[in-house]
Amino acid sequence: MTFELQHNDPQSKARAGLITTDHGQIETPIFMPVGTVASVKAVHFHELREDIKAQIILGNTYHLYLRPGVEILEQAGGLHKFNGWDRPILTDSGGFQVFSLTANRKLNEEGATFRSHIDGSKHLFTPERAVEIQRSIGADIIMAFDECTPGDADYNYAKKSMGLTHRWLARGVKHFDATEPKYGYSQTFFPIVQGCVYPDLRRQSAEFVASQNRDGNAIGGLAVGEPTEKMYEMIEIVNEILPENKPRYLMGVGTPQNILEGIERGVDMFDCVMPTRNGRNGMLFTSQGIMNMRNEKWKNDFSPLDEFGTSYVDRVYTKAYLRHLFISKELLAMQIASIHNLAFYLWLVGEARKHIIAGDFSQWKRGMIEQLGRRL
RNA sequence: GGGCAGUUACCAAAGUGGCCAACUGGGGCUGACUGUAACUCAGCUGUCUUUCGACUUCGGAGGUUCGAAUCCUUCACUGCCCA
């Protein structure tokens, strides 16, 4: 994987770049739709490619390991062959599940023991195992196995947690460098900064991560319960330290506003379940603000879903129709909302890129932020 | 014509003398959701009130009782059975 830094915004830390992988290129800043279990929920890859214009999607090591399992993925020839997505894939390591499945896991120095949420069986994830599984999945970008520290952790917990993440990182790097890709194309490994909301920990973590000298770096442990302002502050601190000539990936973030704020602070890659999950739950993100499609006010609004939208669903379907589909619990509702939201997210980062290149990002961003927060 | 059962909030349906503005579903309304255990979760859903609380309700009318959705009388309507 290579990264070419193409433009720096004169007014901010925002930048435009180009990532090249064996499965194609990614123009940054980019949003990566989440496809946890080898599918971006409710969306066909055809739509993802042609309408949403996704350039890279996510998969999840923990979920894919449990189902369909490493053996099936290897038999298939890797995740790309298995699910038919021939563009880049990034896999999360399972570190987020250490956070989200707290009740079902135990941590120790060696790794994390999970109790499967599917059948209760026990499984040990170590930094080495996480690399191996991701080798089998065959993702273009694989993530270090970390502990995603909760946003409300106290200093002592955060410090210990960060130490564990760093020791796991060193092991992961070592194992990655000692192993080969399984399917003939190259893979790269991103380390993850932790440190919760504590500036000195974040600095220490960013320095340790940068010292690993990987192709790209990630910022984790944000948007997990801490105040938004803290998140922005941590991004600034960390990006001062992470190298400029490598992509920076802010994991799990976020709202459209979060993404623009992240871009302004020098982040290149984002992923989040919001456009898909919130979409399935009836919420639409648009350039004019957010809409709860279940609201009664859309009942007889026969205007297009989003007159400024770029997706075909924005023109073909009306607000009243989508509301009807949600109220009736029709599956099509979730498909339309997911397609719309993802197309909007990809439009948003695409516009950000254009404005960075044009040199008026900050001005454009200010106007967008104001619009995005409105409740329609 | 006779017998039996029933009538509770938007719908369905509990409650059968005080703890009942009334269980529970559904429907409706509103909100939440940030590296996906999520087509999920939470709140509200008689009226007025921010809360406390006040007021009006359980087919209609009348009655018994300190007190009735619950007991009695009667009327209306619905369902089933026998003629």
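Among (1) hydroxyl-bearing (Ser, Thr, Tyr); (2) within 16 Å of RNA strand B (Cβ to nearest atom); (3) open to solvent by 20 Å² or more (accessible area, probe 1.4 Å), where does A:THR20 come up short?
(2)
Any idea which residue in the range A:89-108 is nearest to RNA strand B (Cβ to nearest atom), counting only those that are in contact with a Phe, Trp or Tyr (Cβ under 9 Å, 6 or more places away or on another chain) and aliphatic (A, V, I, L, M)? Before you say what the answer is, go through the steps one by one.
So the first thing to find is which residues in the range A:89-108 are in contact with a Phe, Trp or Tyr (Cβ under 9 Å, 6 or more places away or on another chain), and the list is A:90, A:92-98, A:101, A:104-106.
Of the ones still in play, those that are also aliphatic (A, V, I, L, M) are A:90, A:98, A:101.
Numbers: A:LEU90: 8, A:VAL98: 8, A:LEU101: 5 Å.
My answer is A:LEU101.
Does A:GLY262 qualify as being more than 9 Å from RNA strand B (Cβ to nearest atom), at positive phi and open to solvent by less than 20 Å² (accessible area, probe 1.4 Å)?
On the way: more than 9 Å from RNA strand B (Cβ to nearest atom): yes; at positive phi: no; open to solvent by less than 20 Å² (accessible area, probe 1.4 Å): yes.
Taking the combined requirement at face value, the residue does not satisfy it.
Taking the range A:170-186 only, how many residues are outside any helix (DSSP H, G or I) and open to solvent by 40 Å² or more (accessible area, probe 1.4 Å)? Break it down into steps so the answer makes sense when it comes.
From the range A:170-186, those outside any helix (DSSP H, G or I) are A:179-186; that's our starting set.
Remaining after also requiring open to solvent by 40 Å² or more (accessible area, probe 1.4 Å): A:180-184, A:186.
Matching residues across the range A:170-186 total 6.
Residues that are closer than 27 Å to A:SER338 by Cβ: which strands (runs of 3 or more DSSP E) entirely in the range A:197-281 hold 3 or more of them?
Values: elements: A:217-219, A:248-250, A:269-272.
Those strands (runs of 3 or more DSSP E) span A:248-250, A:269-272.
Which residues, counting only those in the range A:317-333, are among the aliphatic types (A, V, I, L, M) and either free of Cβ contacts under 8 Å to residues at least 12 places away in the same chain or in contact with a helix residue (DSSP H, G or I) (Cβ under 8 Å, 6 or more places away or on another chain) (or both)?
Of the range A:317-333, the ones among the aliphatic types (A, V, I, L, M) are A:320, A:322, A:325, A:327, A:331-333.
Hits for the range A:317-333 are A:ALA320, A:LEU322, A:LEU325, A:LEU332, A:ALA333.
Considering only the range A:75-85, state which residues are of a type outside the set (Phe, Trp, Tyr) and within 17 Å of A:ASP140 (Cβ to Cβ). I'd like the intermediate steps shown before the answer.
Within the range A:75-85, the first condition is being of a type outside the set (Phe, Trp, Tyr), and the residues that meet it are A:75-81, A:83-84.
Residues satisfying the conditions are A:ALA76, A:GLY77, A:GLY78, A:LEU79, A:HIS80, A:LYS81, A:ASN83, A:GLY84.
Of everything in the range A:222-240, what is within 9 Å of RNA strand B (Cβ to nearest atom) and more than 15 Å from the chain's Cα centre (by Cα)? Give them in sequence order. Even if it seems obvious, please write down each step before you answer.
As a first pass, look at the range A:222-240 and keep what is within 9 Å of RNA strand B (Cβ to nearest atom): A:222-225, A:228, A:231.
Answer for the range A:222-240, where residues must be within 9 Å of RNA strand B (Cβ to nearest atom) and more than 15 Å from the chain's Cα centre (by Cα): A:GLY225, A:THR228, A:MET231.
Looking only at the range A:82-102, count every residue that is loosely packed, with under 14 Cβ neighbours inside 10 Å and either touching a strand residue (DSSP E or B) at 6+ places or on another chain (Cβ under 8 Å) or more than 23 Å from A:ILE192 (Cα to Cα) (or both) and tell me the total.
Looking only at that region, the number is 2.
I'm checking my understanding of the structure. Among residues of the range A:145-169 that are assigned to a loop (DSSP other than H, G, I, E, B) and of a type in the set (A, V, I, L, M, F, W, C), which one is farthest from the chain's Cα centre (by Cα)?
Keep residues of the range A:145-169 that are assigned to a loop (DSSP other than H, G, I, E, B), which gives A:145-154.
With of a type in the set (A, V, I, L, M, F, W, C) added as a condition, the list becomes A:145, A:148, A:153.
On the way: A:PHE145: 15, A:CYS148: 14, A:ALA153: 22 Å.
Ranking the qualifying residues of the range A:145-169, first place goes to A:ALA153.
Each row is one residue, and each column tells you yes or no for (1) touching a residue at least 40 places away in the same chain (Cβ under 8 Å); (2) away from RNA strand B (no atom under 12 Å from the Cβ); (3) loosely packed, with under 15 Cβ neighbours inside 10 Å.
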site: A:GLY77; (1), (2), (3): yes, yes, yes
site: A:HIS80; (1), (2), (3): yes, yes, no
site: A:GLU110; (1), (2), (3): no, yes, yes
site: A:LYS160; (1), (2), (3): no, yes, yes
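Among what's in the range A:281-293 and is open to solvent by less than 60 Å² (accessible area, probe 1.4 Å) and within 7 Å of RNA strand B (Cβ to nearest atom), pick the residue that is farthest from the chain's Cα centre (by Cα).
A:ASN292
For every residue, the table says whether it meets (1) in contact with a Pro (Cβ under 8 Å, 6 or more places away or on another chain); (2) more than 9 Å from RNA strand B (Cβ to nearest atom); (3) open to solvent by 20 Å² or more (accessible area, probe 1.4 Å).
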| site | (1), (2), (3) |
| --- | --- |
| A:GLU207 | no, yes, yes |
| A:GLY220 | no, no, no |
| A:LEU242 | no, yes, no |
| A:MET251 | no, no, yes |
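Considering only the range A:294-312, state which residues are without any contact (Cβ under 8 Å) to a residue 60 or more places away in the chain and more than 15 Å from RNA strand B (Cβ to nearest atom). It would help to see each step written out before you state the result.
Our first condition is that a residue be without any contact (Cβ under 8 Å) to a residue 60 or more places away in the chain; within the range A:294-312, this holds for A:294-310.
Correct list: A:PHE302, A:SER303, A:PRO304, A:LEU305, A:ASP306, A:GLU307, A:PHE308, A:GLY309, A:THR310.
When you go through A:PHE114, A:PHE31 one by one, which is the residue that is at negative phi and either in contact with a Cys (Cβ under 8 Å, 6 or more places away or on another chain) or surrounded by fewer than 17 Cβ atoms within 10 Å (Cβ to Cβ) (or both)? So that I can check it myself, show each step before the final result.
Details: A:PHE114 fails: either in contact with a Cys (Cβ under 8 Å, 6 or more places away or on another chain) or surrounded by fewer than 17 Cβ atoms within 10 Å (Cβ to Cβ) (or both).
Checking each option against the conditions leaves just A:PHE31.
The values are calculated or read from the model by the stated rules, or taken from the named source; none is laboratory data. Treat the numbers as computed from the prediction; the structure is a model and nothing was measured. In this analysis, Cβ positions are derived from the backbone assuming ideal geometry, glycine residues included, and neighbour counts consider all displayed protein chains. The protein model used for the area step is the full one, side chains on, heavy atoms only, and it has no ligands, DNA or RNA in it. Shrake-Rupley method; radii C 1.70, N 1.55, O 1.52, S 1.80 Å.
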